[in-house]
Amino acid sequence: MEDIPVDVGLIYEGERIRKSSMYVDLAGPKSKGAELLLVVPPDEVEDGKVEVVGPDVDQMEEGGRYPFGILIKVAGEKLEEDLEGVFERKLHYFCNYIQGFMHLNSRDIIWCRISKDAAKKGLKLYHVGRVLVNLYKSEFDVIEKIQVTFYTDEKAVDEHIARAREVYEKRDARASAIKDEDVDVFYSCLLCQSFAPTHVCAITPSRSGGCGAVTWFEGRAAVKVDPSGPIGEIPKGEVIDPVKGEYSGINEYVREKSNGTIERVYLHSLFDYPHTSCGCFEAIAFYIPEVDGIGIVHRDFHGVTPFGIPFSTMAGQVGGGVQSQGFLGISIAYLRSPKFLQGDGGWRRIVWMPSQLKERVRSAIPQEMYDLIATENEAQDLDTLRKFLEEKQHPVLERLKAEEAKEKAEEAPEEEQPAATMPELTVPVQAGAGAPVEFTITFKNAKIYAEKIIIRRKE
Ligand code: SF4
Ligand code: ZN
């Protein structure tokens with residue numbers, strides 16, 4: 001590779017650049033940005049070209065924060081549009097190979113940082129672009145031509161973000177045209193195992209990867225061009241639970257690829273066997289037991305959830321490739337899935353989400369539910385949330401009241417405790433020790449409470 005002032009290699013992947021050692025921040029929560037990779041016809045790519053629209057690092061002020069866009073155009077005979085998301089996701093990994101350059105998240109929530117050391121050595125965006133050109137070409141034979149453009153000029157970044165969002169929408173809409181039951185094979189992504197070793201993303205038509213970058217179509221395209229790559233096929237197997245989204249094929253695959261750590265996975269529920277969460281999910285769905293509802297918070301929201309904690313704190317507890325009861329890392333596209341959390345009641349169970357996100361996915365929310373979902377403007381904590389839900393008569397309250405009534409009953413003296421209802425139970429009884437007359441007692445709609453059931457073999 002030509003002269004790049006810093007080292008490049010896998011060992012820098014986990015490098016974190018803290019605020020104290022940062023030279024500049026690019027995009028990120030307090031600014032804006034987006035990354036986009038497009039497959040285009042060969043005559044629209046000037047192979048190897050790297051362009052920076054706006055100031056490069058040497059023209060940036062130390063400690064500054066700049067809007068930031070990345071546009072990569074690739075061309076190649078075997079390339080198809082469906083590969084865009086998968087290649088785009090690779091940006092995260094390739095950028096992080098560069099010493100002193102940090103890349104977080106994906107799509108329009110990226111956050112990059114350049115370290116003081118790297119800036120001192122003379123690292124410029126131009127060099128980052130050269131590295132990307134080389135890494136893409138050496139990892140993917142199918143990429144014949146590649147051109148990289150960085151935007152740091154605010155107006156250019158704004159235009160870039162708008163274009164990128166249109167493309168994301170188009171990709172997500174395409175994916176939502178088919179459902180899990182329409183296909184025989186699902187896909188898996190193991191990219192995030194580099195930092196969450198037991199994490200296996202199961203990618204189905206109704207569920208894209210947590211980072212939002214890999215849809216079922218993109219999984220299919222990736223397997224075609226790179227069969228031994230991080231994206232693989234999952235045979236669907238038997239449908240175990242069509243509502244919660246449990247498939248024998250996914251269970252077997254995940255068991256193997258997580259080294260036996262994860263046994264079962266529900267695609268569309270955050271209870272019992274929720275999908276694992278790695279760390280780069282775009283949003284978190286979280287259970288709020290106090291109202292028996294589900295909240296959603298996305299990475300871009302900087303306020304606090306009704307729990308009093310922000311996204312970042314919650315993300316720290318949820319990620320790492322484990323199954324967290326009542327918490328689930330999801331992509332924004334999943335909110336538009338027709339199977340969105342259907343195992344838990346779908347949109348009828350959603351009680352809170354940031355106003356910006358609510359607006360963004362407005363078309364996916366059933367009309368009758370839209371006004372019943374609180375945002376940070378109506379509910380800042382559990383009390384205000386409950387009040388809001390009561391005012392709006394949110395459907396979760398019916399469940400909640402039934403639950404509370406049950407709990408109250410359970411606090412009552414033992415003999416009054418109904419815990420299970422059985423439509424019919426037949427018990428054969430022997431009457432007396434003398435003549436063996438057999439009775440049958442049938443309980444109809446009886447409520448039975450038992451602290452213990454003892455079953456003994458008949459002597
Ligand atoms: Fe792949 Fe899932 Fe990680 Fe996205 S979040 S890169 S789909 S493993
Ligand atoms: Zn991840």
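The values are calculated or read from the model by the stated rules, or taken from the named source; none is laboratory data. Because the structure is a prediction, the values reported are computed rather than measured. Note that each Cβ is placed from the backbone with ideal geometry, even for glycine, and that neighbours are counted across all protein chains shown.
Consider the stretch 159-185. How many of its residues are closer than 16 Å to L83 by Cα and surrounded by 15 or more Cβ atoms within 10 Å (Cβ to Cβ)?
Summing the residues that are closer than 16 Å to L83 by Cα and surrounded by 15 or more Cβ atoms within 10 Å (Cβ to Cβ) in the stretch 159-185 gives 7.
Does I350 qualify as being hydrophobic (A, V, I, L, M, F, W, C) and touching a helix residue (DSSP H, G or I) at 6+ places or on another chain (Cβ under 6 Å)?
no
If you take the residues in the stretch 186-200 that are more than 10 Å from ligand 2 (Cβ to nearest atom) and among the hydroxyl-bearing types (S, T, Y), which one is surrounded by the most Cβ atoms within 10 Å (Cβ to Cβ)?
Y187
Does L270 meet the test of being away from ligand 2 (no atom under 16 Å from the Cβ), of a type outside the set (S, T, N, Q) and within 15 Å of the chain's Cα centre (by Cα)?
Considered against the rule, which asks whether it is away from ligand 2 (no atom under 16 Å from the Cβ), of a type outside the set (S, T, N, Q) and within 15 Å of the chain's Cα centre (by Cα), L270 comes out as yes.
Enumerate the pairs (first residue in the stretch 191-215 and not assigned by TED's automatic domain parsing to the domain that holds G321; second residue anywhere and near ligand 1 (Cβ under 7 Å from one of its atoms) and modelled with pLDDT of 95 or more) with beta-carbon separation below 9 Å, excluding pairs fewer than 6 apart on the same chain, so at least 6 apart or on different chains.
Within 9 Å, no pair qualifies.
Considering each of Q380, Q430, Q417 in turn, give the residue that is among the polar types (S, T, N, Q) and modelled with pLDDT of 50 or more.
Criteria check complete, one pass: Q380.
Scan the stretch 1-44 residue by residue and report those that are loosely packed, with under 13 Cβ neighbours inside 10 Å and of a type in the set (S, T, N, Q).
Selection gives S20 alone.
Run down G308, G343 and say which single residue is farther than 28 Å from K170 by Cα and within 25 Å of the chain's Cα centre (by Cα).
G308
Which residue pairs have Cβ atoms under 6 Å apart, sit 6 or more places apart or on different chains, and have a first residue in the stretch 308-337 that is within 15 Å of W352 (Cα to Cα) and a second that is away from ligand 2 (no atom under 15 Å from the Cβ) and in a helix (DSSP H, G or I)?
If the second residue must be away from ligand 2 (no atom under 15 Å from the Cβ) and in a helix (DSSP H, G or I), the pairs left are L335/A364.
Go over the candidates V183, V86 one by one and state the one that is closer than 30 Å to E238 by Cβ, within 16 Å of ligand 2 (Cβ to nearest atom) and among the aliphatic types (A, V, I, L, M).
One residue alone meets the criteria, V86.
Would you confirm, using the coordinates I've provided, whether E154 is more than 16 Å from ligand 1 (Cβ to nearest atom) and in contact (Cβ under 8 Å) with a residue 40 or more places away in the chain?
So E154 passes the test.
Within the bounds of the stretch 84-98, is there any residue that is more than 22 Å from A222 (Cβ to Cβ), modelled with pLDDT of 95 or more and in contact with a Phe, Trp or Tyr (Cβ under 9 Å, 6 or more places away or on another chain)?
So far as the stretch 84-98 goes, yes, one or more of its residues are more than 22 Å from A222 (Cβ to Cβ), modelled with pLDDT of 95 or more and in contact with a Phe, Trp or Tyr (Cβ under 9 Å, 6 or more places away or on another chain).
Kindly provide the set of residues from the stretch 373-392 that are within 20 Å of G346 (Cβ to Cβ) and under 24 Å from the mean Cα position of the chain (by Cα), ordered by number.
The answer is I373, A374, T375.
I'm checking my understanding of the structure. Among residues of the stretch 206-221 that are more than 16 Å from ligand 2 (Cβ to nearest atom) and of a type outside the set (S, T, N, Q), which one is nearest to P274 (Cα to Cα)?
It comes out as W216.
When you scan the stretch 141-173, how many residues do you find that are within 22 Å of the chain's Cα centre (by Cα) and of a type in the set (G, A, S)?
Matching residues across the stretch 141-173 total 2.
Got a number for residues in the stretch 202-214 being within 9 Å of ligand 1 (Cβ to nearest atom) and either in a loop (DSSP other than H, G, I, E, B) or over 18 Å from A285 (Cα atoms) (or both)?
7
Is one or more of the residues making up the stretch 237-257 at pLDDT below 95 and part of a helix (DSSP H, G or I)?
Scanning the stretch 237-257, I find no residue that is at pLDDT below 95 and part of a helix (DSSP H, G or I), so the answer is no.
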